[in-house]
1. Just need a number here: residues in region B:9-31 that are of a type in the set (S, T, N, Q) and closer than 18 Å to B:Ser67 by Cβ.
2. Residue by residue through region A:72-85, note down the ones that are within 11 Å of the chain's Cα centre (by Cα) and either among the aliphatic types (A, V, I, L, M) or closer than 23 Å to B:Ser94 by Cβ (or both).
3. Of these, A:Glu94, A:Glu88, which one is of a type in the set (Asp, Glu) and over 13 Å from the mean Cα position of the chain (by Cα)?
4. Quick one: would you say A:Ile60 is touching a Pro at 6+ places or on another chain (Cβ under 8 Å) and of a type in the set (Val, Ile, Thr)?
5. Is it the case that A:Asp8 is within 13 Å of chain B (Cβ to nearest Cβ) and of a type in the set (Asp, Glu)?
6. Out of all the residues in region B:58-70, which are touching a Phe, Trp or Tyr at 6+ places or on another chain (Cβ under 6 Å) and part of a strand (DSSP E or B)?
7. Wholly within region A:1-69, which strands (runs of 3 or more DSSP E) include no fewer than the required count, namely at least 1 residues that are acidic (Asp, Glu) and touching a strand residue (DSSP E or B) at 6+ places or on another chain (Cβ under 8 Å)?
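The values are calculated or read from the model by the stated rules, or taken from the named source; none is laboratory data. Bear in mind that the values here come from a model prediction, so they are computed numbers and not experimental data. Neighbour counts are summed over all protein chains in view; Cβ atoms, including those assigned to glycine, are modelled from backbone coordinates with ideal geometry. Only protein heavy atoms, including side chains, enter the accessible area calculation; ligands, DNA and RNA are left aside. Shrake-Rupley method; radii C 1.70, N 1.55, O 1.52, S 1.80 Å.
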Amino acid sequence: AQSVTQLDSQVPVFEEAPVELRCNYSSSVSVYLFWYVQYPNQGLQLLLKYLSGSTLVKGINGFEAEFNKSQTSFHLRKPSVHISDTAEYFCAVERYNFNKFYFGSGTKLNVKP
Amino acid sequence: DVKVTQSSRYLVKRTGEKVFLECVQDMDHENMFWYRQDPGLGLRLIYFSYDVKMKEKGDIPEGYSVSREKKERFSLILESASTNQTSMYLCASSLSGISKNTEAFFGQGTRLTVV
């Protein structure tokens, strides 16, 4: 099974500050990588995904992530956060052609005014 | 737009009851999933189905079973509900195989409380 580690369970940040949410994975084979966002009492919504090609991936709501194969990381970044970005963020991996998605434990982003 | 619909947003059941959680997707996806979400543990895969009547156990299948009689519908069954099954349950679906459109689409979740 794949392993996904999100080191920070909570990240407090002030509005308009930059933020980075960290994700590391372990896999001996190639994987697809995803970031999802969950607002309170909602399901998960895709922010962005890396399948191949450019290692810098841009997603919705101004988020971007960078795939680093040597460090097996896929950190999520936003240069300036808004109050509305307060949510829980999940990193996920899917092994090529394996069709199962494995999720990290989540990071709660709390944007303060 | 892909839509994954879970039949209930909130459920309260008694210990020992048989509980059915229903999920329907409308995009002809081959794969369907049931996850359980608990604080600090993220999403843990309970069961996965890759075709009608086909299923695989996930990481935490104990106490659960599933049924997929039609491609669009995937049911999670708690044979005898227990209080440690109180949780948020999330259904998801995805395309099969290698695809540039691969991603998991999620329902809104069912918050189950077992008393």
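1. Counting residues in region B:9-31 that are of a type in the set (S, T, N, Q) and closer than 18 Å to B:Ser67 by Cβ gives 2.
2. A:Phe74, A:Leu76
3. On inspection, the qualifying residue turns out to be A:Glu94.
4. Spelling it out, it is not the case that A:Ile60 is touching a Pro at 6+ places or on another chain (Cβ under 8 Å) and of a type in the set (Val, Ile, Thr).
5. So A:Asp8 fits the description; yes.
6. Listed by number, the residues that qualify are B:Val66, B:Arg68.
7. A:19-21, A:64-68
Matching residues to (1) open to solvent by 10 Å² or more (accessible area, probe 1.4 Å); (2) over 15 Å from A:Val11 (Cβ atoms):
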{"site": "A:Thr72", "(1), (2)": "yes, yes"}
{"site": "A:Leu76", "(1), (2)": "no, no"}
{"site": "A:Cys91", "(1), (2)": "no, no"}
{"site": "A:Arg95", "(1), (2)": "yes, yes"}
{"site": "A:Phe98", "(1), (2)": "yes, yes"}
{"site": "A:Phe101", "(1), (2)": "no, yes"}
{"site": "A:Gly104", "(1), (2)": "no, no"}
{"site": "A:Asn110", "(1), (2)": "yes, no"}
